Amino acid sequence: MLYESIYILENKPQKEDLINSPHLKKYHEDWGRNGDTALIACNDHQPVGAVWYRLFDDSNKGYGYVDSKTPELGIAVTAQARGQGVGTLLMEKIIQQAKCDGYKSISLSVDLENSHAIYIYRKLGFEEYEICGTSITMIYRTER
């Protein structure tokens, strides 16, 4: 699902090469450490989507890094499940989980050209935090 979450429209590198590159390896390496949380959506016992978050710090920032107390979120939905509400449902559930876990906010990074995702994130309550290169970091504040 990490591979599916990476927005590259043309010439996307092979899965193993991309997810094990130094700038992306941090998103899955040693999964299960304190703060790592994931939810998986299945259809007929097959994964069709996943959402997850992980904490980073100043010495190991993710693309959507805000601060060391704000987990960075990632999401992916398989091509065949897109447009069926799976992503929105996963986002609603992970927001609820973040609230239950006591986080005051969660963040994400999205490609500026991915207007559909940006629209959905805004509809869910995410706000622009900063633009960095070709991506926008968005934040959801759980305490409103």
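Read-outs throughout are calculated quantities, based only on the coordinates presented, and are distinct from any laboratory measurement. It should be emphasised that the depicted structure is a prediction, and the values quoted were computed from it without experimental measurement. Cβ placement follows ideal geometry from the backbone for every residue including glycine, while neighbour counts extend to all protein chains displayed.
Mind giving me the FRET efficiency for HIS45 and ASN114? R0 is 35 Å, r the Cβ-Cβ distance, nearest 0.05 is fine. Display every interim value, and only then the final one.
Values: r = 29 Å, r/R0 = 0.84.
Calculated transfer efficiency: 0.75.
Where does the charge balance sit around GLY102 when Lys and Arg score +1, Asp and Glu -1, over other residues with C-beta under 12 Å from its C-beta?
Computed value for this residue: +1.
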*Please sort by residue number the GluC sites (Glu not before Pro) in segment 40-144 whose DSSP state is loop and whose Cβ has at most 15 other Cβ atoms within 10 Å.*
GLU113, GLU143
*Which value at 222 nm does the chain reach when only helices count, each DSSP H run of 4 or more adding -39,500 (n - 2.57), with the total divided by all residues and rounded to the nearest 500 deg cm²/dmol?*
-7000 deg cm²/dmol
*Between THR142 and GLU16, with labels modelled 7 Å along Cα→Cβ, what's the label distance in nm to one decimal, could you check?*
3.8 nm
*What FRET efficiency, computed as 1/(1 + (r/R0)^6) with R0 = 25 Å and r the Cβ-Cβ distance, is obtained for ASP30 and CYS100, rounded to the nearest 0.05?*
0.60
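State to the nearest 20 debye the size of the charge dipole of segment 2-141 about its Cα centre, where the only charges are +1 on K and R beta carbons and -1 on D and E beta carbons.
Details: 15 positive and 19 negative charges, 72 e Å.
Magnitude of the dipole: close to 340 debye.
Express the relative contact order of segment 2-141 as a whole percentage, based on alpha carbon pairs under 8 Å and six or more residues apart in sequence. Write out the running numbers ahead of the final one.
Working: 204 pairs, mean separation 27.0, N = 140.
Worked out over segment 2-141, it gives 19 percent.
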*Euclidean distance of C-alpha centroids, segment 26-78 and segment 100-142, integer Å*: 14 Å
